Amino acid sequence: MPYWLDNLIHSPYVIGGAVTAVVMLLLFALIRKQPRVVRAFDADGGQVLVTRRAVRDLVQRCCEELGDVASAHARVEIRGGKLRTRVELRLRRNANLKGITGYLREQVSQALTENLGLEELGEVDVIVVGVLEKSDAE
């Protein structure tokens, strides 16, 4: 190994920088970690909590009820105390995207409020990740 590389590896500055980078990454991971449950509402005996997975499953089922949606995958995050939903859709070929997105946002918000009692709803983002041919949909 060259002399300069050996000195660099054993330098306290390089070791300190590497340790600092690892600690910062761990702190960032802990801060960004999403809670597993969401507060739905307060009841007489305490809080009612819902898991993010339950929210995700309900959103996916809402989306898949539409005939123009071939499949849906939902992601749920909590930002600023509000539930933010991101839905990735695979649509059938002749689907009307503008009509679907408006309807889905309305349906998802209504289902989360009425079925799960969630009060703090944020945005519902819709992303189209694919369009299936007619033969794939049948």
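The values are calculated or read from the model by the stated rules, or taken from the named source; none is laboratory data. Keep in mind that what you see is a predicted model, and the values were worked out from it rather than measured. Because the Cβ atoms are built from the backbone with ideal geometry, glycine has one as well, and the counts that use them run over all protein chains shown.
Consider region 98-138 and keep the residues that are small (Gly, Ala, Ser) and more than 22 Å from the chain's Cα centre (by Cα). The one that is modelled with the lowest pLDDT is ALA137.
Test ASP68 against the stated conditions and say whether it is at pLDDT 90 or above and either under 21 Å from ILE127 (Cα atoms) or touching a Ser or Thr at 6+ places or on another chain (Cβ under 8 Å) (or both). Answer is no for this residue. Of the numbered criteria (1) in a strand (DSSP E or B); (2) among the β-branched types (Val, Ile, Thr); (3) over 12 Å from VAL124 (Cβ atoms), the one VAL87 fails is (3). Summed over region 60-71, the residues that are part of a strand (DSSP E or B) and either surrounded by fewer than 16 Cβ atoms within 10 Å (Cβ to Cβ) or not assigned by TED's automatic domain parsing to the domain that holds ARG90 (or both) give a count of 1.
Checked against the criteria, ASP57 does not count as over 22 Å from ASP125 (Cβ atoms) and surrounded by 10 or more Cβ atoms within 10 Å (Cβ to Cβ). Scanning region 93-129 for residues that are under 24 Å from GLY80 (Cβ atoms) and of a type in the set (A, V, I, L, M) yields LEU104, VAL108, ALA111, LEU112, LEU116, LEU118, LEU121, VAL124, VAL126, ILE127. Just one residue in the set ALA18, ALA95, ALA74, ALA43 is of a type in the set (Gly, Ala, Ser), within 25 Å of GLU120 (Cα to Cα) and either surrounded by 10 or more Cβ atoms within 10 Å (Cβ to Cβ) or at pLDDT 85 or above (or both); that residue is ALA74.
Within region 21-37, being at pLDDT below 85 and either surrounded by 10 or more Cβ atoms within 10 Å (Cβ to Cβ) or over 21 Å from the mean Cα position of the chain (by Cα) (or both) holds for PHE28, GLN34, PRO35, VAL37.
Within region 90-132, track down each residue that is within 22 Å of ARG39 (Cβ to Cβ), of a type in the set (A, V, I, L, M) and assigned to a helix (DSSP H, G or I). Within region 90-132, VAL108, ALA111, LEU112 qualify. Number of residues in region 56-98 that are in contact with a Gly (Cβ under 8 Å, 6 or more places away or on another chain) and not aliphatic (A, V, I, L, M): the value is 7. I'm checking my understanding of the structure. Among residues of region 74-84 that are in a strand (DSSP E or B) and in contact (Cβ under 8 Å) with a residue 24 or more places away in the chain, which one is farthest from ALA54 (Cα to Cα)? This residue is ARG79.
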